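A.B. asks: Have a look at this one.
Please treat every number below as a calculation from the coordinates, not as lab data. This one's a predicted model, so the numbers in the text were calculated from it and none came from an experiment. Cβ coordinates were reconstructed from backbone atoms using ideal geometry, including for glycine residues, and neighbour counts include every protein chain displayed.
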Amino acid sequence: MTKKQRWTADRVPDQTGRAFVVTGATSGLGLATTRAIARRGGRVILAVRDEEKGREVVEGLVAPGAGDRPPDARLLDVRRLDLADLDSVRAFAARLREEYPRLDVLVNNAGVMAPPRTLSAQGHELQFATNHLGHFALTGLLLDLLAAGRDPRVVTVSSINHRQGSLRFDDLDGERGYAPMAFYNQSKFANAVFGRELHLRLTGAGSPVRSVLAHPGYTATNLQTRDTRGLTRLVFGRIGNPLLAQSPERGALPQLYAATDPSVEGGEFIGPDGPAELRGAPTRVRLSDAAADADTGRRLWDVSEDLTGVRFPVTAS
C-alpha cells in the first residue's frame, strides 16, 4: 500500500459465500465493519450483548433509506454474546457449531475502556476479561470451524495504547492497585501479544488460519464515553473526539483490510498511515518490542488457558 493507492471500504473484495463473526457489532467500529462486509455480500454474525439492540441495528442497516447498497437482511444474524462471561462465550460458540459447518473470519473487535474497577462473572478484572480473555476463549472454541473456512482469518483489534501497556502477571485483576487507563492499556497489550503468539502457533501447526492484528488509531466511538468516568471521559469523549478523532467508518478500515484484502499475511499489524498512527488509510505498522517478546507470549498463553479453561489445538513453536 502507498498513499497514492489509499485503501477505502469500496475496495473490499466481493465476500459472497463467506461467513464473519464480528464482536461488538451494534456500534462504532463493529457496526462499520458489519455494514461494509454485508454490503459486499458477506454473511455477518453480529455477536452482541443486547439482542434487542442488535435487531434494531439490523433494521436500520437494511431500511430503504439506509444509504447506498443496503445489505440483504438475510446476511445478518444476531446472536447474544457477553465476552465478560465465559459461560456466555461457551454457549455462543456451541450454538454456532450446531448451525454453521464453517466460518471464514472472526473479528475480535468488542471492548470496554477505563471503567471503575469491576470484576467479571468469573472474578477477573472487567477490561482484561472482556477485551482479552473472552476473545481468547472465543477464538479457541471456534478455531476448527475457521480452519474449514475459505481464506480463514482471526483479526484481533488492539490499540496504539498497547505500546504503553504491560502485563501485571502478579496482579492481573487490580486487587493490589487499579488505575482505569493503565488496565485498559494492559488489555490492549494482551490483545497484541495474543495476536502475535496465535500467529506463531498457527504457522507452526501448519494451520490455514491467519492471525492478523489491527488498530483503529484515534476513532470517535462510545468506547470513550460509555464506560469511562471523570477526567478520562472529559479528555477523550468531550474534547478529544470532536477535535482529533476520525469517524468509525474510517477507523474500521484497518480491521476491514486485515479481514478481507488478499495481500494480508499472518502476523501483520494493520493501522492508520497518518502521523502517530492516529488516523488515515490502512498500512502495515510496527508491533512494540515488548508485545513481540517470546517469553511474554508463552506466559500470557499459559495463563489465558488456565483462566478460561480453553485449550487450543496448537502448541508453542
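A.B. asks: Would you work out if the range 25-87 is rounded, prolate or oblate? Take a ≥ b ≥ c from the square roots of the eigenvalues of the alpha-carbon gyration tensor; rounded if a/c is under 1.5, else prolate when a/b is larger than b/c, oblate otherwise.
C.D. replies: Prolate, because a/c is 1.5 or more and a/b exceeds b/c.
A.B. asks: Going by how many other Cβ atoms sit within 10 Å of their own, how do 141, 300 line up, fewest first?
C.D. replies: By the 10 Å Cβ count, ascending: 141, 300.
A.B. asks: Could you put 257, 218, 100, 178 in order, starting from the residue whose Cβ has the fewest other Cβ atoms within 10 Å?
C.D. replies: 178, 100, 218, 257
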